[in-house]
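One structure is given below, encoded as structure tokens.
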Amino acid sequence: MSQVVFLRVFRNVDGFSGGRSESFRAWLAQVAVNICKNEIRSRSRRPQHQQTSLDSATLIASEDPLRHAMDADRSTRLYLALQELSPAHREIIELADIQEIPYPEIASQLKVSLSAIKMRVLRARAQLALVIRRLHSGEENDPKT
């Protein structure tokens, strides 16, 4: 993702009209947010499949297979749960929990108050927890498992 942001900024830096470093930082952050939003939208339209990276393959060989299977299952559940969230909840989870952007910076990027960001994060996490519980309880009642 960061490479995509870098390339977009590099190609469009002539279009940046501000002069202060703060406004450049805000512009850069907005470019990053927009690219993340676009990626989330495009991922939701593509068929879902699991990819294994070289690092994952190395871990598979060196770790306990049962533990790796449990971790992969947990990751899959989280991914599926995130896909069931609304785009707004998915976005705030992405920014706050996955990218670990500080709340004041998120508030600035989304042009809302800090308290609004805190409430959005709280609601998104609560919704994510409900979805995960529902997915987990559905699997326990599934006769295939």
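The values are calculated or read from the model by the stated rules, or taken from the named source; none is laboratory data. Because the structure is a prediction, the values reported are computed rather than measured. We place every Cβ from the backbone using ideal geometry, glycine too, and count neighbours over all the protein chains shown.
Evaluate region 11-26: report whether one residue or more is surrounded by 13 or more Cβ atoms within 10 Å (Cβ to Cβ), in contact with a helix residue (DSSP H, G or I) (Cβ under 8 Å, 6 or more places away or on another chain) and at pLDDT 75 or above.
There is at least one residue in region 11-26 that is surrounded by 13 or more Cβ atoms within 10 Å (Cβ to Cβ), in contact with a helix residue (DSSP H, G or I) (Cβ under 8 Å, 6 or more places away or on another chain) and at pLDDT 75 or above.
Of all residues in region 110-131, how many are within 18 Å of Gln30 (Cβ to Cβ) and in a helix (DSSP H, G or I)?
5
Listed here are the residues, each with its yes/no results for (1) surrounded by 12 or more Cβ atoms within 10 Å (Cβ to Cβ); (2) under 19 Å from Asn38 (Cα atoms).
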site	(1), (2)
Thr76	yes, no
Ala88	yes, yes
Ile93	yes, yes
Gln99	yes, yes
Pro104	no, no
Lys111	no, yes
Ser115	no, no
Ala129	no, no
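Given the condition modelled with pLDDT of 85 or more, small (Gly, Ala, Ser) and more than 19 Å from the chain's Cα centre (by Cα), answer yes or no: does some residue in region 93-114 qualify?
yes
Is one or more of the residues making up region 28-40 in a helix (DSSP H, G or I), at pLDDT 80 or above and of a type in the set (D, E, K, R)?
no
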